[in-house]
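Notes follow once the structure below has been shown.
The values are calculated or read from the model by the stated rules, or taken from the named source; none is laboratory data. Here the structure is a predicted model, which is why all the values come from computation and not from measurement. Cβ coordinates were reconstructed from backbone atoms using ideal geometry, including for glycine residues, and neighbour counts include every protein chain displayed. Just the protein is used for accessible areas: all its heavy atoms, side chains included, with ligands, DNA and RNA removed. Shrake-Rupley method; radii C 1.70, N 1.55, O 1.52, S 1.80 Å.
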Amino acid sequence: MITLAGLPLRIVPVQVMQATRPHRMLERQWMVNRAGGWMVLLSGFFEPLFYLLSIRVGFGALVGDVEDGGRLIPYAEFVAPALMAASAMNGALYESTMNVFFRLKYDKVYDAALATPLTSGDVALGEIGYATIRGALYSSAFLVTMWALGMTSSAWAIGMLPVAILISFAFSAIGMAATTYMRSWADFEYVPSIMLPMFLFSATFYPLSSYGDWQWVVQISPLYHGVAMTRSLNLGEWSWAFGGHLVVLVAMALFGVTLTAKRIERLLLP
Amino acid sequence: MPTDSNAPLITAEHLVKRFGDFVAVDGIDVEVPRGESFGFLGPNGAGKSSTMRMIGCVSPVTEGRLRIFGLDPATDGKQIRSRMGVVPQMDQLDEQLTVEDNMILYGRYFDIPRAECKRRAKELLEFVQLTDRAKSKIEPLSGGMKRRVTIARSLINEPELLLLDEPTTGLDPQARHVLWDRLYRLKQRGVTLVLTTHYMDEAEQLCDRLVVMDQGKIVAMGSPRELIEKHSPREVLELRYPAGTNDERASDLDGVGNRREVLPDRVLIYADDGEAALAEVHRRGSRPESALVRRSSLEDVFLRLTGRSLVD
Ligand SMILES: Nc1ncnc2c1ncn2[C@@H]1O[C@H](COP(=O)(O)OP(=O)(O)O)[C@@H](O)[C@H]1O
Ligand SMILES: [Mg+2]
């Protein structure tokens, strides 16, 4: 990892820099799923279909066009990219919260791994990587469905996929970091109370401009930055703001991975 | 990499582990040569697991010097762990995988090719007599079987050093004997075993040499035989009196044997000749409910050194 010398050396902690076997955690997931866990993943493919159909058939007809950034677009094309961003977040958080908690506290998967040459950075990156894959699978299914239903607006829409992977990575990292602070299952009751408002108020269903003086609240939401990116890619419209959103998500991802690795060290390697 | 076969596998000098202000391991010195079976004997809370975790490179050393294979855990943890097998106090088997997959995955953590993992898994399951359970999930297995899977799994990287933290605690006698037999075979194959236990019979069965630990400190070191000879007369007379009368009855026995311990449930008299001591007890007209003469054990050594029982 010395090839990344310079800047990353200072931001990325030693735990992550020394991670050389994160793929072993992915291999573990592959073995678990091979033994009958694929159904959980499949369920994620149906969700977008139902969502998009309801918008296409219902909302779309009722609401008409929306003005976003000085341009009128059909409501369905306005909402769909936002829902894709949300599906990346959801897939990532399903995996990185409850499932990680189980492996951390009950199955002792990480304790066992840390007795081998694997390190806290390997565990953090590997597990976040798997949650990212789950989020990315959900959003890929979403994109395909969008395209099949004619809800993509430009060829740039394919760029929503890498963005969805980044969203998924950022939320997996933050989700796993947060999970290391959970004391019991009861603490997970707070997760929906954070996810739901974020889902509703990230300029998901109406443009940022409609929030008036409260736009800054929306801009605090990490999902908003993801939504802004997928939306602009779907339309094939670019602005400098895109770079800003990118920085926010990358920062979130780095922070989450770092914190997770440190927390694992603190919890499991006292 | 130092591969001097005469160099000790583990060297600890004034090793300390603190959790906040609490001192769990209080400056111990230990040296384990290659091929030896070495034990830490001590009651709950003595600091055995804390010591094992430092040796296993999953817990940083607070103070002192620790070397394993001549390497420093602080800088070469990964390399040390790759050459060692660990059986933790609590089984950490992957409940979502089968027995065989547990073994294969563990091998993959050591970067062993998948086909080789499969071959070793098969061989090791045979070794721990669980071949017929290869495809079973973990959950339905008995405690003793899980322990054997854990041991088999810890051997997947063909370790030079095997750490076993209370390998048989909580198992029934039969399961313990099966495990001892397997561990004895490993020892014969030249694997260096380091184990903790609070069972004196386990320590006597498996350890060439051991330290007695209490409250983070080493209170004695030697082979089981040496320790017993040094710290305890050859035989012990165990007397049971009606409940609650041990203290008063004990005073009738002044001068019988070399030494006396009054426990809540029995009185122990240490003597080179237990039968002679019992005859003297009877001559004095003392009538215990039961009397038993046995050889001194590590339990007695521990009692002698700390004034407390190993298992309470
Ligand atoms: N992570 C920890 N944080 C605080 N105290 C600990 C921790 N681990 C062990 N201890 C304390 O250290 C002491 C020694 O524990 P341990 O090494 O597990 O003893 P043993 O294995 O001999 O029973 C105990 O009093 C225990 O409560
Ligand atoms: Mg212990």
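B:THR196: of a type in the set (S, T, N, Q), within 15 Å of the chain's Cα centre (by Cα), in the same structural domain as B:PHE40 (by TED's automatic domain parsing) and open to solvent by less than 20 Å² (accessible area, probe 1.4 Å), yes or no?
Yes.
Considering only residues that are open to solvent by less than 20 Å² (accessible area, probe 1.4 Å), within 11 Å of chain A (Cβ to nearest Cβ) and either over 20 Å from the mean Cα position of the chain (by Cα) or away from ligand 1 (no atom under 12 Å from the Cβ) (or both), which ones fall in segment B:58-80?
Correct list: B:GLY77, B:ILE80.
Against the definition (buried (at least 20 other Cβ atoms within 10 Å of the Cβ), in contact with a helix residue (DSSP H, G or I) (Cβ under 8 Å, 6 or more places away or on another chain), of a type in the set (S, T, N, Q) and within 14 Å of chain B (Cβ to nearest Cβ)), how does A:THR116 come out, yes or no?
yes
Looking at (1) modelled with pLDDT under 90; (2) more than 16 Å from ligand 2 (Cβ to nearest atom), can you tell me which one B:HIS198 breaks?
(2)
Just one of (1) within 14 Å of B:GLN89 (Cα to Cα); (2) within 16 Å of ligand 1 (Cβ to nearest atom) trips up B:GLN215, so point out which.
(1)
Hey, can you tell me all the residues within segment B:81-92 that are under 15 Å from the mean Cα position of the chain (by Cα) and away from ligand 1 (no atom under 12 Å from the Cβ)?
The answer is B:VAL86, B:VAL87.
Please work out if B:ALA121 is within 16 Å of ligand 1 (Cβ to nearest atom), surrounded by 22 or more Cβ atoms within 10 Å (Cβ to Cβ) and either away from chain A (no Cβ under 11 Å) or within 21 Å of A:ALA113 (Cβ to Cβ) (or both).
The answer is no for B:ALA121.
With the checklist (1) surrounded by 24 or more Cβ atoms within 10 Å (Cβ to Cβ); (2) outside any helix (DSSP H, G or I) in hand, flag the one item A:ILE128 doesn't pass.
It is condition (2) that A:ILE128 fails.
Select from segment B:137-182 the residues that are within 12 Å of chain A (Cβ to nearest Cβ) and either within 16 Å of ligand 1 (Cβ to nearest atom) or over 19 Å from B:MET103 (Cβ atoms) (or both) and list them in ascending order.
B:LEU163, B:ASP165, listed by residue number.
Can you tell me which of B:LEU163, B:LEU171, B:LEU155, B:LEU186 is within 16 Å of ligand 2 (Cβ to nearest atom) and either on the phi > 0 side of the Ramachandran plot or touching a strand residue (DSSP E or B) at 6+ places or on another chain (Cβ under 8 Å) (or both)?
B:LEU163
Is there a residue being outside any loop (DSSP other than H, G, I, E, B), within 14 Å of another protein chain (Cβ to nearest Cβ), over 21 Å from the mean Cα position of the chain (by Cα) and of a type in the set (Asp, Glu) anywhere in segment A:52-73?
No, because not a single residue in segment A:52-73 is outside any loop (DSSP other than H, G, I, E, B), within 14 Å of another protein chain (Cβ to nearest Cβ), over 21 Å from the mean Cα position of the chain (by Cα) and of a type in the set (Asp, Glu).
Checking the structure you have, find out if any residue of segment A:40-54 is open to solvent by 40 Å² or more (accessible area, probe 1.4 Å) and within 20 Å of A:ILE128 (Cα to Cα).
yes
Any idea which residue in segment B:1-31 is farthest from the chain's Cα centre (by Cα), counting only those that are more than 14 Å from chain A (Cβ to nearest Cβ), within 12 Å of ligand 1 (Cβ to nearest atom) and not β-branched (Val, Ile, Thr)?
B:ASP21
So A:PRO162 clears everything in (1) within 23 Å of A:GLY126 (Cα to Cα); (2) in a helix (DSSP H, G or I); (3) in contact (Cβ under 8 Å) with a residue 60 or more places away in the chain except one condition, right? Which one?
Going through the list (1) within 23 Å of A:GLY126 (Cα to Cα); (2) in a helix (DSSP H, G or I); (3) in contact (Cβ under 8 Å) with a residue 60 or more places away in the chain, A:PRO162 breaks only (3).
If you go through segment B:29-48 one residue at a time, how many are more than 15 Å from ligand 2 (Cβ to nearest atom), part of a strand (DSSP E or B) and touching a residue at least 40 places away in the same chain (Cβ under 8 Å)?
Total satisfying the criteria: 5.
Taking B:GLN92, is it among the polar types (S, T, N, Q) and either open to solvent by less than 20 Å² (accessible area, probe 1.4 Å) or away from ligand 2 (no atom under 16 Å from the Cβ) (or both)?
No, not satisfied.
Test each condition in (1) within 19 Å of B:LEU164 (Cα to Cα); (2) open to solvent by 50 Å² or more (accessible area, probe 1.4 Å); (3) within 16 Å of ligand 1 (Cβ to nearest atom) for B:ARG34 and report the one that comes out false.
(3)
List every residue pair whose Cβ atoms lie under 9 Å apart, where the two residues are 6 or more positions apart in sequence or sit on different chains, the first residue falls within segment A:233-245 and is surrounded by 13 or more Cβ atoms within 10 Å (Cβ to Cβ), and the second residue, located anywhere, is basic (Lys, Arg).
A:LEU235/A:ARG71; A:GLU237/A:ARG71; A:GLU237/A:ARG231
If you scan segment B:241-279, which residues turn out to be among the aliphatic types (A, V, I, L, M), in contact with a strand residue (DSSP E or B) (Cβ under 7 Å, 6 or more places away or on another chain) and either outside any strand (DSSP E or B) or open to solvent by 50 Å² or more (accessible area, probe 1.4 Å) (or both)?
Scanning segment B:241-279 gives B:ALA250, B:LEU253, B:VAL256, B:ALA277, B:LEU278.
Among the residues of segment B:184-201, which ones are closer than 20 Å to B:LEU298 by Cα and free of Cβ contacts under 8 Å to residues at least 60 places away in the same chain?
B:TYR184
Could you please let me know if B:SER5 is out of contact with any Ser or Thr (no Cβ under 9 Å at 6 or more places or on another chain) and either buried (at least 21 other Cβ atoms within 10 Å of the Cβ) or at pLDDT below 95 (or both)? Working first, answer last.
Working: out of contact with any Ser or Thr (no Cβ under 9 Å at 6 or more places or on another chain): yes; either buried (at least 21 other Cβ atoms within 10 Å of the Cβ) or at pLDDT below 95 (or both): yes.
The answer is yes for B:SER5.
Could you look through segment B:37-57, keep only residues that are more than 15 Å from ligand 1 (Cβ to nearest atom) and not hydroxyl-bearing (Ser, Thr, Tyr), and pick out the one that is farthest from B:LEU162 (Cα to Cα)?
The residue in question is B:CYS57.
Considering every residue within segment B:93-100, establish whether at least one is at pLDDT 95 or above and within 13 Å of ligand 1 (Cβ to nearest atom).
no
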